[in-house]
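The values are calculated or read from the model by the stated rules, or taken from the named source; none is laboratory data. Quantities reported herein were computed from a predicted structural model and do not represent experimental measurements. Cβ placement follows ideal geometry from the backbone for every residue including glycine, while neighbour counts extend to all protein chains displayed. Surface accessibility is based on the protein's heavy atoms, side chains included, excluding ligands, DNA and RNA. Shrake-Rupley method; radii C 1.70, N 1.55, O 1.52, S 1.80 Å.
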Amino acid sequence: MSEQIRVLHVDDEPDFADLTANALKREDDRLSVETATSAAEGLDRLTESVDCVVSDYDMPGRNGIDFLEAVREQQPALPFVLFTGKGSEEVASEAISAGVTEYLEKERGLGQYTVLANRITNAVEQYRSKRALESSQRRLSLFFEQSPLGVIEWNEAFEVVRLNDAAEDILGYDEADLRGASWERIVPGSETTAVGNVVDALLQNRGGYQHVNENVRADGDVIVCEWHNRVVTDDDSVEHGSTSNRAEADDSEGSEIPRAAGDTSDGEVTAIFSQFQDVTERVEREQRLERSTARLEALFENSPDMINVHDTEGNIIDPNPQLCERLGYDASELTEMKVWDIDTRIDPTEARALWDGMSVGDRRRLDGVYQCRDGSTFPVEVHIQRLDLVGEERFVVISRDISERKARERELERYETIVETIDDVALVIDDGWIVEYVNETGRRYASASTDDIVGEPIVRLAREFVVEIDGVARFERALERAFDATPPVDTPERLELRVDVSMGEVVLEYQFSPVFDEGEPTAVVITMRDITERTERERTLEATKERLDTVISNVPVVVFALDADGVFRLSEGRGLEALGWEPSEVVGQSAFDLYADYPDVTAAIERALDGEEISIVERIEGRVFETAYQPVVEGGRVTGVIGVATDVTEHRARERELERQNERLEEFVSVVSHDLQNPLNVAAGRLELAREAFDSEDLDAAARALDRMGELITDLLRLAREGERVNEIESVALADVVEGCWRNVETGAAKLVVETERTIHADPGRLQHLLENLLQNSVEHGSTSSRPEADDNRPQAGDGEAVDSVEHGSTDGPTVTITVGDLDGGFYVADDGPGIPESRRTDIFESGYSTAPDGTGFGLAIVAEVVEAHGWSISVGESEAGGARFEITGVADAAQQGP
């Protein structure tokens, strides 16, 4: 926002008003401040040009709230900031009820004007944005009703809200028939996926799109409409919201995902509009033209054949360069000729009769003889097709020079050279199962010459080299199936056999590819690839799988292995249960096919097959997996991928639950520290004032109650915060901390004995809280009474009755001695007081547990929280003197963990 902001400042102190005006201008040069010294004067100066009102509260005549209410009667939405020195919750509450925009208390110093300037500019920006949105919505409504095209308004679920008259005419529906209906109501099933993609992209990107798709009218007729869609937000306007880039319609799918039209918006959605028109005839015409054009372009650009286009009179309209070059004419010369000028076999009358008998799209095959400029001729094979090019009847003629067959034979010789040099064995077997051809690799494997192999029955050669018992029989069956095949053959026969060749025993993968002549197999090409290394790898992988089966049978993970093509070779682990799969169920299947709907998974697999180690989090079938992919590299190339996927769904759920609990705890601490502490401080202050005016025992009781509440709040806050995991660990001298805590505790006549020189690792502050609570507990409960004499009338510790339980008593009474000493792996705090009954020892660390009327019940709960936050353990028992003994273990010495 760069335009000027006019501020009306009302304050009964002119000097302060002037100071405020000057300060605001220094903070933001956009702020123009006009002052008034009373609410009445402020109302007189209130005009439509004022952007914001800043007012004091305590003014003669009308106060700030009265002034606010008067302003609201004239301008209900105008920003109003109550800037007052008389701040209180009552005034703030009353101002909020009256509709104040901002409430700010006056302070000393210039910093308050920075805050005030920010409040003003933010409020005015929001006010201006809201007015602009309302204006935009009015323009949208006008655009909706007056558009000559069909317009539909949708909600964010893409359900019809309303449509204009043009839309009703196009679709044949009344508005009432479609209101509340999904977009699927007007889209045929064949278009649902494509249009659904457009809807998703529109909602996700919040931009405008254009697309073309089929729609179903109310009468069932299918039409083609061009749609312009737009998500309008509160920072959009109708003028730019109705434009869009165009996307070409796809012939087969009906539409394609459109491109975004300009910048997307992050504002709040105010409306979704679609503007459309019936383009059925236009699309049909364009599709016909595109089909014809595409065919012609493909022929001209990609075919090595001679091509020309002529009309129904035989006039050559467009010859391709190949035709010009072969005949020796320029294109301009050929366009002055007729087709029978270059084809000596064509009779004009017969040609016209042939063309007249052809419909659009019909094809004919002819033989002809072309004559060149120099008089030479060559035979051609002619293919002619009739087309309708934008209303003009044309014939496309594709001619092939038959004399070039020798050139193709030379090309075949080149291919033979390639076959001779490849690493795979290649054989050609005729329909009598005799070897017609063997390449160099085959001769090398057999350690034989061409004459030794060509002309020999392939079965005899198989018996010579195949070492597997049933290998020859399997070979014969595969070859027989290849000769029995019919075209086209999508998947050739394959076979793996172990053979004994010149370099020793190897495993070859055989592929049988039949060669057809007019639909009949005349030969079979057998290629053999050495897969010995791959087979050994697969055996090694199988052995590894067997070992993994034993290891992971009870582990909730998925262990998998993929080959270089992304095909599963291993799939094991208890984690498969969550996906509804059995172990090895997907072995042999492509991971890219199985996870086609999970692009993150397929992308990770591709990256791993490219040699990248990957660790990602994947969501599959509603489960969350942490997956690690490790490429398998052999001989400098990636031959596969192994991976481990751990199902962490429940773990993530537990983490989210823990986060929610922590949030609730933070809310609780906030309530206690602010919403309870502040009223308590107010009550304490009021009590002090009352004591100055009155002398009453009731006030003393109230003071004790407030102190009691303060203790409860302090302990409650400490309990809530001590459970957090410690982060700042230091080397701490235990004796120093104990002695410091002793000085902080009201010890009365109690005595402290320190029998430790240990230095431990701990959070100093939390360790202090722990020791202070333990020492205070021993002082209070050990000093309440001396250890009882043998008295049948007094219950003893351990009798099942409460002696002096936790969290009560006072520091008055007999002396108690408290000892802090070392333990193996920790320390203890013991006293010689009455002790804790064994039946109570499991309850004393519970929050709120106390048998005393004035006990908070949090002291030992705080101790337990601090212990847990450090990862320590605590137990309670009886000391040597019969009192209470608290033992903290699992504590590491500073020497053990290092600095």
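Just to verify a result, which residue in region 830-845, among those that are surrounded by fewer than 16 Cβ atoms within 10 Å (Cβ to Cβ) and touching a residue at least 24 places away in the same chain (Cβ under 8 Å), is farthest from residue 884 (Cα to Cα)?
839
Yes or no, residue by residue, for (1) acidic (Asp, Glu); (2) modelled with pLDDT of 90 or more; (3) surrounded by 14 or more Cβ atoms within 10 Å (Cβ to Cβ):
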position: 350; (1), (2), (3): yes, yes, no
position: 372; (1), (2), (3): no, yes, no
position: 390; (1), (2), (3): no, no, no
position: 433; (1), (2), (3): no, yes, yes
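When you go through 606, 657, 613, 634 one by one, which is the residue that is touching a residue at least 60 places away in the same chain (Cβ under 8 Å), open to solvent by 40 Å² or more (accessible area, probe 1.4 Å) and of a type in the set (Asp, Glu)?
634
Suppose the filter is without any contact (Cβ under 8 Å) to a residue 12 or more places away in the chain, within 41 Å of the chain's Cα centre (by Cα) and open to solvent by 10 Å² or more (accessible area, probe 1.4 Å); does residue 134 pass it?
When the stated conditions are applied, residue 134 passes them.
Take residues that are touching a residue at least 40 places away in the same chain (Cβ under 8 Å) and tell me which of the strands (runs of 3 or more DSSP E) falling wholly in region 382-485 contain 3 or more.
Details: elements: 392-401, 425-430, 435-438.
Strands (runs of 3 or more DSSP E) meeting the threshold: 392-401, 425-430.
Among the residues of region 578-609, which ones are within 13 Å of residue 620 (Cβ to Cβ) and either part of a loop (DSSP other than H, G, I, E, B) or not aliphatic (A, V, I, L, M) (or both)?
Within region 578-609, 580, 581, 586, 595, 596, 597, 598, 599, 600, 602 meet the criteria.
So which residues in region 806-858 are touching a Lys or Arg at 6+ places or on another chain (Cβ under 9 Å), at pLDDT 90 or above and not in a strand (DSSP E or B), if there are any at all?
816, 832
Anything in region 558-588 that is among the small types (Gly, Ala, Ser) and in contact with a Gly (Cβ under 7 Å, 6 or more places away or on another chain)? List them, or say none. Show your work before the answer.
Of all residues in region 558-588, those among the small types (Gly, Ala, Ser) come to 561, 564, 566, 571, 573, 575, 578, 580, 584, 588.
561, 564 - these are the residues of region 558-588 that are among the small types (Gly, Ala, Ser) and in contact with a Gly (Cβ under 7 Å, 6 or more places away or on another chain).
Going by what's in this entry, would residue 330 be described as without any contact (Cβ under 8 Å) to a residue 24 or more places away in the chain, open to solvent by 30 Å² or more (accessible area, probe 1.4 Å) and within 21 Å of residue 392 (Cα to Cα)?
On the way: without any contact (Cβ under 8 Å) to a residue 24 or more places away in the chain: yes; open to solvent by 30 Å² or more (accessible area, probe 1.4 Å): yes; within 21 Å of residue 392 (Cα to Cα): no.
So residue 330 fails the test.
Could you grab the pairs with beta carbons closer than 9 Å, sequence gap of 6+ or different chains, first residue in region 108-129 and assigned to a helix (DSSP H, G or I), second one surrounded by 14 or more Cβ atoms within 10 Å (Cβ to Cβ) and among the aromatic types (Phe, Trp, Tyr)?
112/83; 116/83; 119/83; 123/80
If you go through region 41-57, how many residues are out of contact with any helix residue (DSSP H, G or I) (no Cβ under 9 Å at 6 or more places or on another chain) and either buried (at least 18 other Cβ atoms within 10 Å of the Cβ) or closer than 20 Å to residue 76 by Cβ (or both)?
Looking only at region 41-57, we keep the residues that are out of contact with any helix residue (DSSP H, G or I) (no Cβ under 9 Å at 6 or more places or on another chain), and these are 41, 44-45, 47-50.
Okay, now just the ones that are also either buried (at least 18 other Cβ atoms within 10 Å of the Cβ) or closer than 20 Å to residue 76 by Cβ (or both), so 44-45, 47-50.
Of the residues in that region, 6 qualify.
Name the one entry in 474, 463 that is basic (Lys, Arg), open to solvent by 80 Å² or more (accessible area, probe 1.4 Å) and more than 25 Å from residue 421 (Cβ to Cβ).
463
Here is a check on your reading of the model: is residue 60 closer than 15 Å to residue 10 by Cα, open to solvent by 50 Å² or more (accessible area, probe 1.4 Å), in contact with a Ser or Thr (Cβ under 8 Å, 6 or more places away or on another chain) and touching a residue at least 24 places away in the same chain (Cβ under 8 Å)?
Taking the combined requirement at face value, the residue satisfies it.
Please enumerate the residues belonging to region 45-57 that are touching a Gly at 6+ places or on another chain (Cβ under 7 Å) and assigned to a loop (DSSP other than H, G, I, E, B).
If the condition is that a residue be touching a Gly at 6+ places or on another chain (Cβ under 7 Å) and assigned to a loop (DSSP other than H, G, I, E, B), then 56, 57 are the ones that fit.
Taking residue 366 as the residue in question, decide whether it is open to solvent by 60 Å² or more (accessible area, probe 1.4 Å) and touching a residue at least 12 places away in the same chain (Cβ under 8 Å). Give the derivation first.
Working: open to solvent by 60 Å² or more (accessible area, probe 1.4 Å): yes; touching a residue at least 12 places away in the same chain (Cβ under 8 Å): yes.
Yes.
Inside region 870-899, can you point out the residues that are among the aliphatic types (A, V, I, L, M), modelled with pLDDT under 85 and open to solvent by less than 50 Å² (accessible area, probe 1.4 Å)?
Across region 870-899, the qualifying residue is only 894.
Give just the number: which of (1) without any contact (Cβ under 8 Å) to a residue 24 or more places away in the chain; (2) loosely packed, with under 15 Cβ neighbours inside 10 Å does residue 337 not satisfy?
(2)
How do the strands (runs of 3 or more DSSP E) wholly within region 147-255 filter down when requiring 2 or more residues that are touching a Ser or Thr at 6+ places or on another chain (Cβ under 8 Å) and at pLDDT below 90: which remain?
Passing ranges, in order: 208-216, 222-233.
Name the single residue, out of those in region 495-524 being under 20 Å from residue 485 (Cα atoms) and not in a strand (DSSP E or B), that is most open to solvent (accessible area, probe 1.4 Å).
Once the filter is applied, the top-ranked residue is 518.
How many of the residues making up region 551-571 are modelled with pLDDT of 85 or more and in a strand (DSSP E or B)? Quick ask: steps written out before the conclusion?
Of region 551-571, the ones modelled with pLDDT of 85 or more are 558-571.
After this cut, where a residue has to be in a strand (DSSP E or B) as well, the list is 558-563, 567-571.
Result for region 551-571: 11.
If I filter region 642-651 for residues that are assigned to a strand (DSSP E or B), open to solvent by less than 80 Å² (accessible area, probe 1.4 Å) and at pLDDT below 85, do I get at least one hit?
Yes, that holds for at least one residue.
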